[in-house]
Amino acid sequence: MSHSARAAGPVDVQSAAQCMCRLGGRCTSYDPGHALHLVQSRLAACTPTQWRDAFVVETGDDTVTIRWATGSGTATFANAAGASHAVRLGEPVAVHDRYRVLAIGAARFNLREVG
């Protein structure tokens, strides 16, 4: 008896994977804009001179728009792990330039720049 079924290859499996946050659960991905990895958090904490101060000017479903405290413009970041729900308009935040981490008080979020 022959089988016509084949094992899924890496491309098939990779294209079918999606983060649990898309299904209403907690983020299971460490891709930019999803869950913050412990190593990413620690690296950001070890490089304090690379944080930039900002203020929240707008929030969307999964986005936070900030205005840099230096007055050098705005930036919009996506985060599926709840950053937009953890922050209030006008609240001061900090963004780590190198490791793309958003600090809201003691909370930290992984960012993906959009737009």
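Name the residues in the range 60-94 that are out of contact with any strand residue (DSSP E or B) (no Cβ under 6 Å at 6 or more places or on another chain) and among the polar types (S, T, N, Q), would you?
Thr70, Ser72
Quick check: anything in the range 78-85 in contact with a Gly (Cβ under 7 Å, 6 or more places away or on another chain), touching a residue at least 24 places away in the same chain (Cβ under 8 Å), within 12 Å of Gly33 (Cβ to Cβ) and of a type in the set (A, V, I, L, M, F, W, C)?
Within the range 78-85, one or more residues are in contact with a Gly (Cβ under 7 Å, 6 or more places away or on another chain), touching a residue at least 24 places away in the same chain (Cβ under 8 Å), within 12 Å of Gly33 (Cβ to Cβ) and of a type in the set (A, V, I, L, M, F, W, C).
What strands (runs of 3 or more DSSP E) completely inside the range 16-103 contain at least 2 residues that are over 16 Å from the mean Cα position of the chain (by Cα) and modelled with pLDDT of 90 or more?
Of the strands (runs of 3 or more DSSP E) lying wholly inside the range 16-103, those with at least 2 residues that are over 16 Å from the mean Cα position of the chain (by Cα) and modelled with pLDDT of 90 or more span 51-59, 63-68.
Does the range 38-53 hold any residues that are surrounded by 14 or more Cβ atoms within 10 Å (Cβ to Cβ) and either in contact with a Leu (Cβ under 8 Å, 6 or more places away or on another chain) or within 20 Å of Ala80 (Cβ to Cβ) (or both), and which are they?
Gln40, Ser41, Ala44
Do you know which of the residues in the range 68-114 that are among the polar types (S, T, N, Q) and exposed (fewer than 13 other Cβ atoms within 10 Å of the Cβ) is farthest from Trp51 (Cα to Cα)? Steps first, please.
Restricting attention to the range 68-114, the residues satisfying the condition of being among the polar types (S, T, N, Q) are 70, 72, 74, 76, 79, 84, 110.
Going one step further and asking which of them are exposed (fewer than 13 other Cβ atoms within 10 Å of the Cβ), we end up with 70, 72.
Values: Thr70: 12, Ser72: 15 Å.
Going through the qualifying residues, I end up with Ser72.
The values are calculated or read from the model by the stated rules, or taken from the named source; none is laboratory data. Because the structure is predicted, anything quoted here is derived from the model rather than measured. A quick note on method: Cβ atoms are made from the backbone with ideal geometry, for glycine too, and the neighbour counts reach across all protein chains shown.
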